[in-house]
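Just below is one structure, and these are the notes that go with it.
Bear in mind these aren't lab numbers, they're just calculated from the coordinates by the rules spelled out. A quick note: this is a predicted structure, and the numbers were derived from the prediction, not measured. With ideal geometry, Cβ positions are generated from the backbone for all residues, glycine too; neighbour counts draw on all protein chains shown.
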Amino acid sequence: MAGPVATASGQDREARVPGSFSSFEDRNAVEAEASWDDVRASLPGSVYGLLSRTAGRHGERPAITFQMTSGPKDPAETLSWSDLHHKVTQAANLFRSVGIGEGDTVAYVLPNCTETAVALLGGMTAGIVNPVNPLLTPEHIAGILRETGAKAVVTLKSMPRTDVAQKVATALKDAPAVKTVFEVDLNRYLTPPKSWIVPLIRPRNPASHGARVLDFNAELARHRGDALDFDEAAGDRVAALFHTGGTTGLPKVARHMFSGMIYNGWLGNRLMFSERDVLMCPLPLFHVFAAYPIMMALVASGGHGVFPTPQGYRGEGVFDNFWKLIERYRATFMITVPTAVAQLMQRPVNADVSSLESGISGSAALPMELYRRFESATGVQISEGYGLTEATCLVSCNPIGGKKKVGSVGIPFPHTRLRILHCDDAGTVTHECGTDEVGEICVDNPGVRVGGTYSDETKNRGLFAGEFLRTGDLGRIDADGYLWITGRAKDIIIRGGHNIDPIIIEDALVGHPAVAFAGAIGQPDPVAGELPCAYVELVSGATASEAEILEHARAHIPERAAIPKHIEILDELPKTPVGKIFKPDLRRRAIRRVLDAALADAGHAVTVAEVFEDRRRGLVARLRATAGVDRDAVAGLMDSFTLPWEWQD
């Protein structure tokens, strides 16, 4: 059972952290110590090798803790580094026994639990691991499993209050390469009487498939944990396939090498964390943020990672109990995203959080006011960072112990190069931007795999400008070398040929005291092509009308063309698991609203049945008509929009 973990105070951090990260000069000094090739040569060749080294150094120290429920005194499971090494070894041997070689893929479709970390590390040791978001639809899950060629899947045993098992069972009918399913039974984390009741009410899987189904923990116990049954091949290799978790729609699958994972771990250990640190991480292990900057840094440093509830921040009671969990584990770092910070600031800091030294935030920009409120409430500063799936995550961060420019994503990590470029579709550089000039952020570091980022080779065309990965993010580098993200290239609203950055709309809207989050997109328009519109989520307990928010927008958006033509308040904006506003859902909503209104105004008995995403055409409107509709007239109206559409059969 987990209990408080001792940690050093902030005053002696310099004495216990292997390196410092307080300034651009510190960053450059670390980079000047050795080339990345020399650094890499000094480290184990694989993540399993890194894990073995840490288990040898810090075997009895806590490695990971998982709590099924969020209460500050609730039962929790903690594995030491020796325990974790043992289970990962068992998992790697198990996966090899069912045919997972170095070039084969084992997927997991799991929320957070101890087994998720074991599957992540064991899967990449035996072969190639493929984490899959369990919140996806069965169709998306099946598509990812086919794309990665997964031969085995680790997922949940059917459990009340979750449909993960049912979704995976349905998905497997369209993923015939999967021959083995390993089930994780979360009931083992529950105590009586809940653990007695679950078997009585456990739902059945509605779908059948041809894969054999085995109990993951029972099968682990059949395999040795003191050594691998096979020899790890020398040299670097692809060890993970991560689907993108951004805001641009259908997932793409990125390939990750051991070298990129180890780079993330080395950065965390070299610049930030030691074996005495405790990282509170309510973020999902199917996403690169938790899997690499956090899990790999723990593996490299021997620190302690705490993962509360299967759903992380989304879990029942996590926000209400968060500060008490910080106190329980004496956490020194909290890993977060702006949406979580906003929720936490709606609750009192009702525990002793004096152990907490820093927060690390990613996924989206942190508003200045939210940063100030957090620091005032906790006495702790948040460092914003930047990473992306295509670069095996880490790119930059505001210095933990140094100057932070709130709203920026800090300075590039050692052995990372940044350029701000204008490129054509083929990746040819047409212009390199100067100081504070906005262009596309392009990255080169050990996590970038030139020419082979995506498993679908067609997606790699135009993705690189020489050695630099084109991120698709727009940004600028200021005179001090800090990186500022100004938007997504694909999020730009094009109104009659005029480019509008949605950030200027969103920043203005969240300046309203009642607005917690805002998402601005372009809605279809037959004349301008697109017009700006915005969706907002209010602060809990606050009230405001759409007219009031629009008036605020008119007063605070400096560009007249950017003033939204439509503002709508939603109970909650759609978000990805790491807190990004999921704009494809907002675009679908806007398309349906605009087209339904246009069709009704024209007197056509036609409605939008659905808006779906096609890989070639993007978002497509499918129309439903009653008998006798003049389809030629409808086609004439629809063709005035640039949006692709089709009839429902």
For segment 446-580, Kirkwood radius (reciprocal of mean inverse C-alpha pair distance, Å): 17.0
Hydrophobic long helices for the chain, i.e. whole DSSP H runs reaching 30 angstrom or more by Cα along the axis with Kyte-Doolittle mean at least -1.0, come out as none
Taking neighbour counts of Cβ atoms within 10 Å as a proxy for exposure, in what order, fewest first, do R347, R560 appear? R560, R347
Restricting to Cα pairs under 8 Å and 6 or more apart, the percent relative contact order of the chain works out to 11
Computed over the Cα atoms of segment 332-444, what is the convex hull's projected area averaged over all directions, in nm²? 8.5
Cα atoms only, segment 99-176: Rg and Dmax in Å? 11.8, 36
Are there any trypsin sites (Lys or Arg not before Pro) in segment 49-86 that are in a DSSP loop and have at most 14 other Cβ atoms within 10 Å? List them by number. K73
Simple SL model, points at 7 angstrom along Cα→Cβ for M368 and A602; separation in nm is 4.6
Cα convex hull volume per residue for segment 203-301, in Å³, equals 225
Entries in K73/K583; K252/K565; K179/K459; K157/K252; K157/K490; K459/K580 that, when Cα-Cα distance is taken, lie over 30 Å: K73/K583; K252/K565; K157/K490
Semi-axes of the equivalent ellipsoid of segment 541-649: what are they in whole Å, largest first, if each equals the square root of 5 times a C-alpha gyration tensor eigenvalue? 30, 18, 14
Mean residue ellipticity (222 nm) of the chain, computed from DSSP H runs ≥ 4 via -39,500 (n - 2.57), nearest 500: -8500 deg cm²/dmol
Please go through segment 110-172 and write out the trypsin sites (Lys or Arg not before Pro) that DSSP classes as loop and that have at most 15 other C-beta atoms within 10 Å. R161
Using the alpha carbons of segment 151-243, what is the convex hull volume per residue in cubic angstrom, as a whole number? 153
Normalised by the residues of segment 590-647, what does the relative contact order come to in percent, with Cα pairs under 8 Å and at least six apart? 30
Where in segment 175-241 are there chymotrypsin sites (Phe, Trp or Tyr not before Pro) that are in a DSSP coil and have at most 14 other Cβ atoms within 10 angstrom of their Cβ? F230
About its Cα centre, what dipole magnitude does the chain give when the only charges are +1 on Lys and Arg Cβ and -1 on Asp and Glu Cβ, stated in debye to the nearest 20? 1440
Hey, if you put +1 on the Cβ of every Lys and Arg and -1 on every Asp and Glu Cβ in segment 490-581, which of S545, I505, H566 ends up farthest toward the positive end of that dipole? I505
Residue range of the chain that is longest and free of GluC sites (Glu not before Pro) which are both DSSP loop and sparsely packed (at most 14 other C-beta within 10 Å): 61-315
Determine the dipole magnitude for segment 416-488: charges of +1 sit on the beta-carbon of Lys and Arg, -1 on that of Asp and Glu, nothing else is charged, the reference point is the Cα centre, and the result goes in debye to the nearest 20. 240
For segment 590-647, report the % of Cα-Cα distances exceeding 13 Å. 56
What is the extension gain from S35 to T191, computed as 0.36 nm multiplied by their sequence separation minus the C-alpha to C-alpha distance, in nm to one decimal? 51.0 nm
Cut-off under 5 Å, modelled amide H: who pairs with W645 long-range: A621
Counting DSSP beta bridges with both ends in the chain, the antiparallel % (nearest 5): 55
What percent of all Cα-Cα pairs in segment 416-488 falls in each 5 Å bin, counting up from 0? 4, 18, 27, 25, 17, 7, 2, 0
Cα-projected label distance for D229 with E613, points at 7 Å along beta-carbon direction, nm: 3.9
Any chance you could run the full-extension gain for D478 through T626? It's 0.36 nm times the residue separation minus the Cα-Cα distance, nm to one decimal. 47.5 nm
